[in-house]
Every structure is written in C-alpha cells, then in structure tokens.
Amino acid sequence: MEKKLLRFSVNEVPYEIYINPKTLLVEAIRDHVGLTGTKRGCETVSCGVCTVMVNGMAVKGCSILAMQVDGMSVTTVEGLEKNGKLDPIQTAFLDEGAFQCGFCTSGMLMMAKAFLNETPKPKDEMEIRRGMEGNLCRCTGYNSIIRSIAAVASGKYREDK
Amino acid sequence: MSENKYAVLNTRVHNVDGYAKVTGRSTYTFDVKLPNMLYGKILRSPHPHAKILKIDYSEALKLPGVLTVATGKEDTLGVRQGIWRRYKDLCDEAILTVDKVRYIGEPVAAVAAVSEEIAEKALDLINVDYEVLPFVDDPMEAIKKEAPVIHEGFERNVNVTRQIAWGDVEDEMETADYIREDWFKLGGQHHMCMETRAAVASYTPDGKLTVWTSTQSAYYHQALLAGVLGLREGNIRVIAPYVGGGFGGKFELDGAQFCASILSMKCCKPVKVVFTREEDFIASKRRTPMYYYVRTGVKKDGTFCAREAKVFTNGGAYTGMGATALYLTGFFHSFPYRWKAYRYDGYRVYTNSLPSTSMRGFGAPQAMFCSEQQIDWIASDLGLDPIEMRRKNGHYEGYEVPGQATIASCGLDQCLTKIQEWVKSKGKLPKNRSIGISAAGFMSGGIFNWFDSPYSFSSAVVTINYDGTVELHVGAQEIGQGSSTTLALICAEALGVKLEDIKVHMGDTDHSPADLGAWGSRQTLMAGNATKMAAEDAKRQLLEFANAKLGFNIIYDLDIRQGWVYNVARPERGMSYYDLCKEALRGKEGQRIIGRGFYTPRRKGMISPAYSYMVQGLDVEIDPETGHIKIHESVTAHDCGQPINTLGLIGQLEGAASMAIGFGYYEYLPVEDGKVMNPNLVDYKLIRAPEMPDCHVIEIDTYEPEGPYGAKEAGEGLTNPHAAALGNAIFHGTGLQMKEAPIRAEAIAKAWKEKQEKGTEKKKK
C-alpha cells in the first residue's frame, strides 16, 4: 500500500512521517515516532493501556488510524513531565503507590489526566471510578489510582503546577 | 500498631522504580528493539489432540522477508523439559512439539521474518498434515479406563498423585456428632498479565545467547534454556527488565522464550516474539480447575474432629507447576485449623486442554472456597456462631501441623476478633445485603526444591562505594509486587543508611546472584533475609574501621542509623557514615566494602518457613432474581508479621482482593471441546474500577522469628479467602449454597429460581 504523509505533533514536537495508511495511532507513536511509554495490551480496544490524548481528549491509540490525527496534537505519557518536573497526577501516583508492574500506568495516567481536564471537580468517588472504567489494571485493584485522582482533584498538588 | 521502632521500615516511601514507571521510562521486553532484529510468529495447533504427520513450509520460505522456519523435529533437540527438573517423568513438555499436539494452541512451527506482518502471513503458507486423535478435556472423563492416552506411561492419564495424612480419619469420624460431605467444582482463571508473554533472543556465533524476557525468575529461565538448547548455563544471559505482571504464570519456559531462542540460533540474528492477547489466553497457562470432595466431621459443640478431601485437578496437557499446586491445595485445605485427623488424596489428571499451573494463591483459593463455605454451612446446621467455631479450632502460635509445619507466629485469633467487631459495627443491614467472612493462611516461600537448584534459595551482595552509595545485587525479581523497594528498605534499615543511598540491581543473570525468583511469596522472607545478612556483613566491616577511628572503650557497642555512626550508649558521640566510608576504603587498600548474604530454609518442616494469617469480611448486595452482585465493602484483618513496605503492602492487598473477587465472581474461563471459549478481553471479564469495593485493612501486630525483622508473606495469601467470603454472604443472604467457582450471576439466579419453585411446591403439598 502506498505510504501517506502524516503531519501531527507529539508532546508539542512536530512530526512529518510517511506511513502505511492502515497504521494505528499506537503503532505510529511506538514504531515511527519511537516513544515506547505507550503500551498495547489487547486487540479488541478493551484494556486502555494505549490511551493517549488527542487535542486534550483521551483516545485509545489502537482504536483509530494514525491518519485520523493528521494536523492534531497528541500527548503521550512522555509529555506529562515538563522540564524535569512531574505533572501532579504523576506525583500523586507516586505518593499513593498507584502502580505495580507499571504496564497499564501510562494509559491510566493519560486517562486520569484527560478525566481531570474534563471533570476538575468530580462530585464523588464513583464519578472518578466511572471515568476510569475503560482502563484495566491487573495489579492494583484500582483503589490507589482512584485515590490519586481524588487527591489531585481536591487540590492537594495545586502548588506543584 | 505499635510505634515504629525502625528508621525506614514501614514508612510510606515512593517505589524505587516509581519514577521510571510514571514517566514511561520503564522499558519492558515488549519495548526492546535491537539492531538487525527479526520478528517471530508461532503456528499453533487447531486440534486438541493429533499426531503431526508432515509439516511443509516450502511456500512460507518463498515469501519475501521470511528468513527461516523452525520445527520441533528439525530444529530442536526435542528435549522434554519441565520445572520439576528432579523428576524426569514430569519433564514432559517440548514446547515446540516434535510429533504430537495435546492442546489447541500448542506451538507447531515458528517463523522469523523482517516484520511481524510478514511472519504472520507466512504462517498461512505452512501446511501441516495431522492425524486427528480422540481427545478428552475433563479430568473425570480422562481418568476413565477407556479415555484416550495423552502421554505414554501414565495410567488413566494420572500425571501426579499427592497424599497428605495424619491421624486416623475413620476413627475420628466415629467420635463426630455430625458429618457433612460436599462436592465442589472450581474453574480456571487466567493470569491475564497486562504484558503478554514476550521474549527477545539474541544468539551470536561464539555460542552465547542473551534473552530479554518477561519473567518471574531470570535464573529459572537461564537454567531451563540451557537444558533445552544444549548450551552451558553460564553462556546464557537472561535479562528481565521491567515485567508487566506475573501472578504465577511467568516462571515456566514458554513459547515466546523458546521459539525466539531457536529462531535466533538458526539465523544468528536477534528475534522478538510477543504473544497476542488471544495467544496469551490459549497458550500460556491458567489457574488449575479442580473437582473437590470434602467430608468433615465435627462435635456438636463445634470442635473439629476429622476431614477427608479427594481432589481431581484438570492438569491440561503438561505438568508445569501444576504438581506443586496439587500439593499446596491439599495442605491449605487443612488451613488454618487443627484437625485430629486429616487425609487428602489429590490426583492431577492430564487432559487435552490448556495446561494449568500455579497462579497467585497456588491452589489455596480453590481449597478455601470449599473449606470455608462448608464450615459456615456446618455452623448453620448446628446453630453455632461461625466466627467462634473458627476460633475454637484455629491455629495458634506454637501449634504443629502434624508432620508438616510448625507455626511460629499466628495472629488468627486477633484477626477473628477484629472481624467480629466489624460485623457487629455494621448493625442491621439494608434489604438484600449480607455479610460473608472467610479465614485463610498462606506460606512465606516454599521449602521444596523440585527444580534441583544447586544454589542457595536467595542470595544478596551489598557493595559500598566511596561516597556511601550502596549497590544491592539480588536475584529476587521485581514484577510489580514491590520487591526491589522492600529489599532496598531492608538493606537501608540494616545498614543504617537512607533509602535513596541504595541502588537495587536485579533481573540480569550476568549481574545478579542466583535466586529462585518471585513465586510462592518467598522474596520478602528469603531474599529479605539474604539482603539483611549481606547488609549486616558490610556494616560489621565498616564498624571495624569506626571502632579504630573513634577510639571508644571496647566495652561500647557501635551502630549506624540514618547515616550516623554512633556509640549506642552515647548516641550523640560518633561520626558521619559518609565520612566513614571514605576512611574505610582507604583502610582496605582502595577496595570497596562488600557484604554477602544468603538464605536457604532449614528444619522448617515440609512446606514453608512461616505462615501468614488473615480473616476476610465482605459486605455484599445480592439481587437473587438476576444473580447480580455488588460488593459494598471489603475488610481484611491481616497478620503478615512486621510490615516492611507500607504502600506496597496496601497495594498488594487491594490487588489480591481484585484478583480474588475475579476468581469468585467475574472471571469465567470456559473450555469446550478443548477450546478456550473467551480468549479476549471483551468476553473474559476482569473487575473494573466501578465494581471494585473499598478495601480496609487492619494489620495485626505479630513477630515472625524466621523472617527479616519479623516479616512474612503479604499479598498472595489474600487471593485465597474472597471467593468463599462471597459464597458465605450469598448463603447468609439467600440460603443458597453455591458449590461452583466462579459463582456466576446466572448460577445464582438459576439456583434462586429453583429454590422458589421448590418452596411453592411444598406450600401446594
């Protein structure tokens, strides 16, 4: 298949890459841009470990073609940290021990970040849980992840911003 | 909890590998990419049982981009391996099979190509002629005389038998006022590691092989690969970088590791094999499905007399770690109670289905599901309080499980009290809500050495640099359970330095001492003891210099705490640890200080050097019409000795709860005609965030003399009680006795409907 030009930005860096048009977004990020923080865990859009943000919204990187983000701005886990300073959600994950094997963590962080962007003041814990429903974690039982998001929402890390 | 007497133990610290994990810097086998690397794909058997007559891969080789195809017959030594290395007849799995397939998904051939896509296309071009054989996928059928023979030389397909017995069961049953017997059926469960099986193998013509792989024990894989490839152990380097989950499923040799190695040896280029999720479901392994018969005799005051259990496990096609699960389920079925007589007969039966193996809890969740529900049913039949009945018969400190184990620390009684208080505090529950409890116990590492390792079970080397930083080399494998942080904490505490002074090196057989790895909850106790010993060895050497330097009267004792080297009687007198390191190196002719430690359990019975105890309570809402369950709260009273890694402990317990609830309710893994029916994450249900209950843990303060600083198992044992606690909540709420795990919503609804119909019939009569 003829390769197509994709122009997009990843973590605020512009990229121009020639790819097979059936390349998935997660494949473009991992195999063409070379950022491996984003993982893959299934073939059925079920696990969420490939979650990234496209124009600030959470997207499972295996659910869309890379060509669909032409001209858009993609943020991956590598883009959360700014100038060596962690994003509050990353600090909260460390403080709560909200990861174990770490394989789902990138996707969890991106989903949490997008959730907090859309819902800075969740009305209760269940709202956070529902927001994270699409992401699987086999290690933590989720509660430490939920506590991290609640801590950021409560303003605990405001001074970190 | 008593006040923390330690400087760093049991304090809330960030994981030592946390920064890498929250920034995407942690590199897993899945991420490894080497120059000149090829991609491997595996052709798998579509038949549960068949002879391989011919494999024709000539067309596959013609596909541009395909470099080589490997088959068991042509390219392997045909060695049948197994993790029970001491027992040749239990080494039954060639991985890339030579002549016969025994389950759907078994590797038949492997392709290496320049891309994954081409390798996958090549699989379609391989033609295999099979002679399809009759198959059997259920142990109760496979054990029959007329069943197909799966492995030669195993009468009635019985792979392993195990017996555990003490006292005379029939004599003690005579003394019982009440005897109850039940049959149970336990389903499989998939490990479902977020990172599927993966390996990158790189063989070079000088006879050296390096394998990056997602494993629970780098040493096991080094040794197993040496055996099947005909290489020296020392010429194989296994690197386990970050590991995306294990849960008992990643310490046997798997298709990714073996096929990547064989392909790499054929073309002398690196080869990467990563399982798809579907491959991971059908061709890695699973928790052992079991049929459980339990007969229990008690006196009318609730005193336990005797128990008899007969268990038939679905071994699937190969032995793997399943033989250990067969033993442990029998042992933990007696737990945590005192039986005057106990007899367990276990039969592991080969079938033509996905092999079964160890999985978090290692046979105990199955055992507890049966035992702990039956105990509640007995208490109900006799009109006794189920918590008091457990207390009356429970283990206590100093109890000896006849011929098996001595219990040196036990907080069971306190756990029961805490849960009793919690149950009382709940008061009257709303409609459709009920509480179920279950007790459990678990081991802190196994004593058995069926692997026949010539090395100490755990070893550690502590090296102190000029600036006081510490290199801790361990073979203990970090797989997310927090072992690197736990061992760093132990090292920092023993040496008297800060956590940030410690660097942990693990997961590389070239640079880490051999260690059996992460299974059976062994690392905190065993690698912890080795680490403590190594740190204390290094500290002793440092203090020799401190003594000379500080010139105290020799009657005084010196110690180090948080970087301060001091006179124990006069703590203000001393010197900085960091200054001392500089001086000490000078005194050693520039050599770094090196401490060594090791641990192998001795004189600790048959099973484990120490046992944890716990009682689990669940507050459950049940809609009997639909069978739908919602767990409102989970409370655990937990005795793991001295907690070491505070955050790690909380995380392990919450994680164990999520997996245990999965085993009890969500995770149904049906196999029909030898085929896994739901090999994907749409149809295989894992618990998700909204369904996960709040989990409260009450730690009981005990001290385990065999453990480092009094620590023992935490995090695996809590996989054991939830399924039974859920069953007990259903029983107390609806009167239904659910004898099959997972307790599926459909099964509850069906049982409820039958019960209602029976009730109406009775009324009519």
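Quick notes
- First in segment A:91-106 and at the interface with chain B (Cβ under 7 Å from one of its Cβ atoms) and assigned to a loop (DSSP other than H, G, I, E, B), second anywhere and at pLDDT below 95 and surrounded by fewer than 24 Cβ atoms within 10 Å (Cβ to Cβ), Cβ under 7 Å, 6 or more apart: none
- Some residue of segment B:464-471 being among the polar types (S, T, N, Q), surrounded by fewer than 24 Cβ atoms within 10 Å (Cβ to Cβ) and at pLDDT 95 or above: yes
- Annotation: of all residues in segment B:638-652 being more than 19 Å from the chain's Cα centre (by Cα) and either among the hydroxyl-bearing types (Ser, Thr, Tyr) or part of a helix (DSSP H, G or I) (or both), the one that is nearest to the other protein chains (Cβ to nearest Cβ) is B:Leu647.
- Failed item, numbered, when A:Thr76 is tested on (1) at the interface with chain B (Cβ under 9 Å from one of its Cβ atoms); (2) touching a Phe, Trp or Tyr at 6+ places or on another chain (Cβ under 7 Å): (2)
- Selection status of B:Ser214, of a type in the set (Ser, Thr, Tyr), within 14 Å of another protein chain (Cβ to nearest Cβ) and under 27 Å from B:Pro679 (Cα atoms): yes
Condition check ((1) more than 14 Å from chain A (Cβ to nearest Cβ); (2) crowded, with 21+ Cβ neighbours inside 10 Å; (3) at pLDDT 95 or above; (4) within 30 Å of the chain's Cα centre (by Cα)) across all residues:
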{"position": "B:Lys33", "(1), (2), (3), (4)": "no, no, yes, yes"}
{"position": "B:Asn36", "(1), (2), (3), (4)": "yes, no, yes, no"}
{"position": "B:His47", "(1), (2), (3), (4)": "yes, yes, yes, yes"}
{"position": "B:Leu53", "(1), (2), (3), (4)": "yes, no, yes, no"}
{"position": "B:Glu59", "(1), (2), (3), (4)": "yes, no, yes, no"}
{"position": "B:Lys62", "(1), (2), (3), (4)": "yes, no, yes, no"}
{"position": "B:Asp75", "(1), (2), (3), (4)": "yes, no, yes, no"}
{"position": "B:Val79", "(1), (2), (3), (4)": "yes, no, yes, yes"}
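- Residue in segment B:651-667 that is without any contact (Cβ under 8 Å) to a residue 40 or more places away in the chain and at negative phi present: yes
- Whichever residue in segment B:179-220 is without any contact (Cβ under 8 Å) to a residue 40 or more places away in the chain and within 12 Å of B:Ile236 (Cβ to Cβ) and, among such residues, is surrounded by the fewest Cβ atoms within 10 Å (Cβ to Cβ): B:Gly207
- Residue in segment A:79-89 that is outside any loop (DSSP other than H, G, I, E, B), surrounded by fewer than 22 Cβ atoms within 10 Å (Cβ to Cβ) and more than 14 Å from every other protein chain (Cβ to nearest Cβ) present: no
- On the stretch given as segment B:163-178, residues that are under 30 Å from B:Thr324 (Cβ atoms) and surrounded by 13 or more Cβ atoms within 10 Å (Cβ to Cβ) total 8.
- Residues in segment B:274-297 that are touching a Leu at 6+ places or on another chain (Cβ under 8 Å), closer than 22 Å to B:Ala364 by Cβ and of a type outside the set (Phe, Trp, Tyr): B:Lys285, B:Arg286, B:Thr288, B:Pro289, B:Met290.
- Some residue of segment A:122-139 being facing chain B (nearest Cβ under 8 Å), crowded, with 19+ Cβ neighbours inside 10 Å, assigned to a loop (DSSP other than H, G, I, E, B) and in contact with a strand residue (DSSP E or B) (Cβ under 7 Å, 6 or more places away or on another chain): yes
- Within segment B:418-465, the set of residues being outside any helix (DSSP H, G or I) and among the aliphatic types (A, V, I, L, M) comprises B:Leu429, B:Ile435, B:Ile437, B:Ala439, B:Ala440, B:Met443, B:Ile447, B:Ala460, B:Val461, B:Val462, B:Ile464.
- Among residues of segment B:140-160 being in contact with a Lys or Arg (Cβ under 8 Å, 6 or more places away or on another chain) and in a helix (DSSP H, G or I), the one that is nearest to B:Cys91 (Cα to Cα) is B:Arg156.
Let's see how each residue does on (1) farther than 24 Å from B:Gly482 by Cβ; (2) away from chain A (no Cβ under 14 Å); (3) small (Gly, Ala, Ser):
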| position | (1), (2), (3) |
| --- | --- |
| B:Trp166 | yes, yes, no |
| B:Gly188 | yes, yes, yes |
| B:Cys193 | no, no, no |
| B:Thr204 | yes, yes, no |
| B:Tyr219 | no, yes, no |
| B:Ala226 | yes, yes, yes |
| B:Val243 | no, no, no |
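- Residue check, B:Ile698 of a type in the set (Val, Ile, Thr), farther than 23 Å from B:Ile743 by Cβ and surrounded by fewer than 22 Cβ atoms within 10 Å (Cβ to Cβ): yes
The values are calculated or read from the model by the stated rules, or taken from the named source; none is laboratory data. The model shown is predicted, which means the values in this text are computed figures rather than measured ones. Glycine gets a Cβ as well: all are built from the backbone with ideal geometry, and neighbour counts include every protein chain shown.
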